[in-house]
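Data block below; observations after.
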Amino acid sequence: MPPTINVWTDADPRQSLSKLFAMFGKAAQIKPPPPGSKINNGFELFTRIEQAPNPDSRVTLDTERDSLGMPRATLHWELTPLEKRSVRKIHELIGQQVGRAGVGRVKMLNYLQDENDNSWPEFTGGGWHHMGTTRMSTNPKEGVVDENCKVHGVANLYAAGASCYATAGAPNPTLTLIALTLRLSDHLKEKVKQNIG
């Protein structure tokens with residue numbers, strides 16, 4: 001069967017989606033190899049997860065300034081034992097299911113084998129989605145903007161976009177941040193109408 005990414009080639013994404021579901025149906029009909037047979041393919045699991053909200057992961061302003069005289073941003077990123085446990089559990093569950101189905105085995109990578117080890121390997125990396133620096137919260141002590149994207153304590157300052165997200169997932173944030181921006185636009189139009197009327 002072709003790799004899933006090769007299915008998404010139609011001008012109409014609905015046709016590509018139909019092809020993908022047809023592939024799933026074909027995959028379900030494949031009989032598992034007999035016990036003791038050689039492995040034909042090997043794959044490495046690439047895992048992306050949502051990080052739990054962590055006040056120790058933050059962006060602050062540095063004392064160093066850029067060429068325009070603006071303070072540089074400093075990123076402090078910390079993963080917690082919860083993320084390590086989550087990645088380990090994902091691999092365990094996938095291993096159990098492919099083993100139960102008789103279609104493969106999962107070998108746990110070295111950094112996941114010790115349940116008491118919360119360290120991360122050097123190749124650990126994050127995504128490139130800038131989110132959460134003006135976190136949304138009804139409580140000014142827990143966020144920068146309120147539910148309408150208005151900065152707490154400032155009468156007429158709004159910020160909309162991925163920076164308002166209270167949590168950050170692995171998928172691309174663009175459609176959600178556009179929806180948030182359109183929602184803010186509607187809110188501000190309504191405020192203007194009320195002030196004029």
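One residue stands out in region 55-110 among those that are in a strand (DSSP E or B) and of a type in the set (Val, Ile, Thr): the one that is farthest from the chain's Cα centre (by Cα), namely THR63. Every listed requirement among (1) under 26 Å from THR47 (Cβ atoms); (2) without any contact (Cβ under 8 Å) to a residue 60 or more places away in the chain is met by VAL106 save one, (2).
Within region 160-177, does at least one residue satisfy the condition of being in contact with a Cys (Cβ under 8 Å, 6 or more places away or on another chain), farther than 17 Å from PRO53 by Cβ and in a loop (DSSP other than H, G, I, E, B)? Yes, region 160-177 contains at least one residue that is in contact with a Cys (Cβ under 8 Å, 6 or more places away or on another chain), farther than 17 Å from PRO53 by Cβ and in a loop (DSSP other than H, G, I, E, B). Within region 49-71, which residues are in contact with an Asp or Glu (Cβ under 7 Å, 6 or more places away or on another chain) and at pLDDT 95 or above? Correct list: PRO71 only. Just wondering, is there one or more residues in region 137-151 that are in contact with a Cys (Cβ under 7 Å, 6 or more places away or on another chain), hydrophobic (A, V, I, L, M, F, W, C) and buried (at least 16 other Cβ atoms within 10 Å of the Cβ)? Yes, because at least one residue in region 137-151 is in contact with a Cys (Cβ under 7 Å, 6 or more places away or on another chain), hydrophobic (A, V, I, L, M, F, W, C) and buried (at least 16 other Cβ atoms within 10 Å of the Cβ).
Residues are listed down the side, and each one gets a yes or a no for (1) in contact with a helix residue (DSSP H, G or I) (Cβ under 9 Å, 6 or more places away or on another chain); (2) among the hydroxyl-bearing types (Ser, Thr, Tyr):
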{"residue": "LEU157", "(1), (2)": "no, no"}
{"residue": "GLY161", "(1), (2)": "yes, no"}
{"residue": "PRO171", "(1), (2)": "no, no"}
{"residue": "LEU175", "(1), (2)": "no, no"}
{"residue": "THR181", "(1), (2)": "no, yes"}
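Per-residue answers, yes or no, for (1) out of contact with any Cys (no Cβ under 8 Å at 6 or more places or on another chain); (2) among the hydroxyl-bearing types (Ser, Thr, Tyr); (3) exposed (fewer than 13 other Cβ atoms within 10 Å of the Cβ):
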site	(1), (2), (3)
GLY42	yes, no, yes
ILE49	yes, no, no
ASP56	yes, no, yes
VAL59	yes, no, no
THR63	yes, yes, yes
LEU75	yes, no, yes
GLU78	yes, no, yes
GLU83	yes, no, no
SER86	yes, yes, no
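Looking at region 135-160 only, could you name the residues that are under 20 Å from ASP186 (Cα atoms) and in contact (Cβ under 8 Å) with a residue 12 or more places away in the chain? Answer for region 135-160, where residues must be under 20 Å from ASP186 (Cα atoms) and in contact (Cβ under 8 Å) with a residue 12 or more places away in the chain: MET136, SER137, VAL145, ASN148, CYS149, VAL151, HIS152, TYR158, ALA159, ALA160.
If you go through region 65-103 and keep only what is among the basic types (Lys, Arg) and over 21 Å from PHE46 (Cβ atoms), you end up with ARG65, ARG72, ARG100.
The values are calculated or read from the model by the stated rules, or taken from the named source; none is laboratory data. What you see is a predicted model; the values in this text were computed from it and never measured. Methodologically, a virtual Cβ is constructed for each residue, glycine included, from the backbone with ideal geometry; neighbour enumeration extends over all protein chains shown.
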